[in-house]
Amino acid sequence: MTAFKKIEDNLRKEAKSLLESGKVTLVLAYAGGFDEKHPVPYVAKAAADADRLVFNEYCTHNMARYLTRYPKGTRIAVAVKGADSRAVVQLIQEGKVRRDDLVILGIPAAGMKNQKTGEIIDTRTTGSAINPVIHDILLGDEIHGVKAGSPYDVLAELEGMDKDARWAFWKKEFEKCIRCYACRKACPMCYCDPCFMDASRPRWADKSPTGDGTLMYHLTRFYHLAGRCIDCGECSRACPVDIPLYLFHKEVAKECEVMFGQAAGMNIEDKPAMANYKGEDSDQMLGS
Amino acid sequence: MLKKIAIDQFSELVKALLEQGLLYAPVKGTDGVNFRAIQNPADVTLDYYNTVLSPKAVFFPQSEDLIRYRIKKDTPEAQPVPLENRPAVILGVRPCDVRSFEIMDRHFLGAGVIDPYWKSKRDSTTVIGFAFDVNAAADPADFYNTFGYGAADPEGSDVFMIRADGNLLLRGMTDRGEKLLASLGCLQAGDARDEKAFDETVKKGKAVRTRSAEINDKEIAKKLVDIFDNGEFWQKVTMACIACGACTFVCPTCYCFDISDETLFKEGARKRFWDACTFTDFTLEASGHNPRPRIFQRYRQKVCHKYSYHVDKYGCISCVGCGRCIRSCPVNIDIFGIVVEAGKL
């Protein structure tokens with residue numbers, strides 16, 4: 001199991017030394033919230049702030065989400081778990097963040113828990129990356145021997161449905177949507193400014209929470225994240241009404257992986273699947 | 001008057017209420033427990049701590065058509081949408097949420113201009129409050145004690161309901177509530193023992209502890225204005241905020257809305273729907289200028305509106321300590337902690 005205390009100690013130690021030495025000006029990690037189950041994303045700016053940092057099984061937030069807030073050239077250390085590290089890689093691939101600006105504090109973590117349900121977050125709601133795919137400093141020992149299923153296993157039920165049943169499933173889920181936009185705001189890859197949903201000329205979708213507008217929002221977001229979603233599951237955990245957005249993202253991710261032979265954010269040398277052309281690319285989408 | 005019904009007969013009560021008109025009550029779905037218009041009595045649950053979304057949507061729906069129109073060749077044809085004033089009952093509102101209706105009334109009814117949409121639904125709806133379980137601990141996010149509310153305070157409800165020994169006890173708190181109770185044939189009259197159990201539950205509710213702090217309305221109102229320019233403080237306490245609208249949408253006292261004409265082909269409606277001060281485009285002006293471009297400025301507006309401007313304008317803080325915004329925040333921002341910290345500056 002994950003040695004949370006050891007990771008927390010290392011996080012504080014490394015954050016302090018990085019800030020003291022001036023190697024970075026910011027450390028993106030977690031601080032304590034109103035209780036242990038509710039840690040808060042935190043930006044340490046001085047060595048003294050390092051003592052406030054925490055790490056426990058409820059630190060599920062993807063800190064890569066905050067990277068695009070800062071101008072290029074800002075020296076940042078960022079604490080990342082497996083899926084979070086894939087977001088860093090993807091952001092680097094997309095040119096939103098520079099590798100040289102970052103000190104990546106990798107956290108191998110199994111047994112993270114959903115703070116609302118207390119359930120262990122596994123491959124069902126997030127990807128199978130337990131160890132960071134990239135790091136400069138590792139804050140805990142890499143975890144091996146934990147049996148992680150395919151992140152796509154959870155799709156079996158949805159894939160078993162016929163078209164009408166799937167449509168009925170998603171329609172029902174989207175009826176719950178209150179359009180608070182927590183999903184896009186929690187997402188490390190949703191950095192568009194402005195988001196198409198906030199544009200007024202032209203207006204792409206109804207602003208009121210009607211079925212059509214909600215469908216337009218979610219479908220566009222799903223497809224805009226094709227080949228880019230790194231399967232951290234934050235959108236679904238952020239949702240106040242528990243729409244299982246991760247299912248759609250996983251489906252699209254799976255199709256991308258099958259067609260283009262790469263999963264998002266796994267390799268810093270890759271080009272984003274949707275921004276790259278290879279002669280041997282699948283033309284499956286043109287068929288049937 | 002005090003009436004009672006066995007808990008296993010609860011669906012009889014629901015059926016009787018449905019016969020009177022619209023009924024909103026807690027229903028368990030994949031989105032948690034929330035108030036819904038009831039069609040099937042079996043859908044109603046009493047097994048919940050509090051609903052994910054507040055009950056405000058009964059009086060202030062997330063989206064409401066004000067005018068419906070059809071665009072003709074020369075002139076548009078427009079019809080105002082008739083006000084909804086069918087008799088309705090909302091069942092199962094927690095004591096802190098009941099108080100939120102009074103706070104919203106000050107804005108929608110007491111600001112000099114009466115909001116007919118709020119008023120028509122509020123006037124035609126009977127509120128049945130429901131005590132928290134006084135033998136269980138409060139959720140760690142809650143802080144309704146701060147405002148002097150207990151877990152089983154009956155004030156503000158038309159009828160107040162508690163659980164006691166396999167029964168539901170219902171006491172009429174207003175004329176409207178008394179009338180409703182008198183009309184429900186499925187209820188039995190409560191006896192002296194029930195009266196005692198009811199009063200004891202109310203008392204016990206006072207002992208259920210939530211987080212709490214001494215917050216004086218006028219003092220915090222002034223303090224927040226005084227520290228308005230303390231950017232360091234506001235940036236520190238809001239650094240995690242991702243600027244979604246979850247906190248305002250689940251809040252029972254957030255009332256900001258947007259209005260927009262939404263047309264599909266030749267038909268459409270002028271709608272009003274919830275807006276959130278945390279959204280980037282909340283204050284975006286037609287010129288392109290945005291007076292609150294930064295997240296800390298928008299979150300500061302949220303705190304100041306609730307704990308300062310609302311006190312100045314309507315004489316009370318617009319928060320009931322229900323804890324929803326904290327439970328639903330994707331990044332665990334705790335408005336209670338922020339206000340307490342601000343008070344100490």
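We did not get these values from a lab; they are worked out from the coordinates using the rules stated. Note that the structure is predicted; figures quoted are calculated from it, not measured. Heads up, the Cβs are rebuilt from the backbone with ideal geometry, glycines too, and the neighbour counts pull from every protein chain shown.
Descriptive notes on the structure:
- Taking every DSSP beta bridge that has both ends in the protein assembly as shown, the antiparallel portion is near 70%.
- For peptide A:193-201, the mean count of partner chain Cβ atoms within 10 Å of a residue's Cβ comes to 2.
- Neighbouring partner chain Cβ atoms per residue of A:232-240, average, 10 Å criterion: 4
- Segment B:193-255-segment B:69-109 distance, computed between alpha-carbon centres (Å): 26
- The protein assembly as shown: radius of gyration and largest Cα-Cα distance (Dmax), Å: 26.0, 85
- With θ taken as phi - 60° and the Karplus curve 6.51 cos²θ - 1.76 cosθ + 1.60 applied, the whole-hertz 3J(HN,Hα) list for segment A:130-137 is 9, 9, x, 7, 8, 6, 9, 10 Hz, x standing for glycine and proline.
- Residue (of B:Asn230, B:Thr248, B:Ala269) at the positive-pole extreme of segment B:217-344, dipole from beta-carbon charges: B:Thr248
- In segment A:133-174, trypsin sites (Lys or Arg not before Pro) in a DSSP loop with at most 16 other beta-carbon atoms within 10 Å: A:Lys147
- Stokes-Einstein diffusion coefficient of segment A:154-251, Kirkwood radius over Cα pairs, 25 °C, 0.890 mPa s, in µm²/s: 175
- Within the same chain, aspartates and glutamates fewer than 8 places from B:Lys28 are excluded, and of the rest, those with a Cα less than 12 Å from its Cα are B:Asp43, B:Asp47.
- Calculated [θ] (222 nm, deg cm²/dmol) that DSSP helices of n ≥ 4 give over chain A, each run adding -39,500 (n - 2.57): -9000 deg cm²/dmol
- The share of C-alpha pairs in segment A:4-138 whose separation exceeds 27 Å stands at 14 percent.
- Rounded to the nearest 20 debye, dipole of the protein assembly as shown from Cβ charges on Lys, Arg, Asp, Glu: 1120
- A run of chain B free of exposed loop cleavage sites, with trypsin sites (Lys or Arg not before Pro) counted only in DSSP states other than H, G, I, E and B and at most 16 other beta carbons within 10 Å, reaches its longest extent at B:74-208.
- Magnitude of the charge dipole for segment A:17-69, about its Cα centre and with charges confined to Cβ atoms of Lys, Arg (+1) and Asp, Glu (-1), is about 300 debye.
- Structure note, pairs A:Lys172/B:Lys56; B:Lys266/B:Lys302; B:Lys72/B:Lys121; A:Lys6/A:Lys81; B:Lys3/B:Lys206; A:Lys45/A:Lys81: Cα-Cα distances above 26 angstrom occur for B:Lys266/B:Lys302; B:Lys72/B:Lys121.
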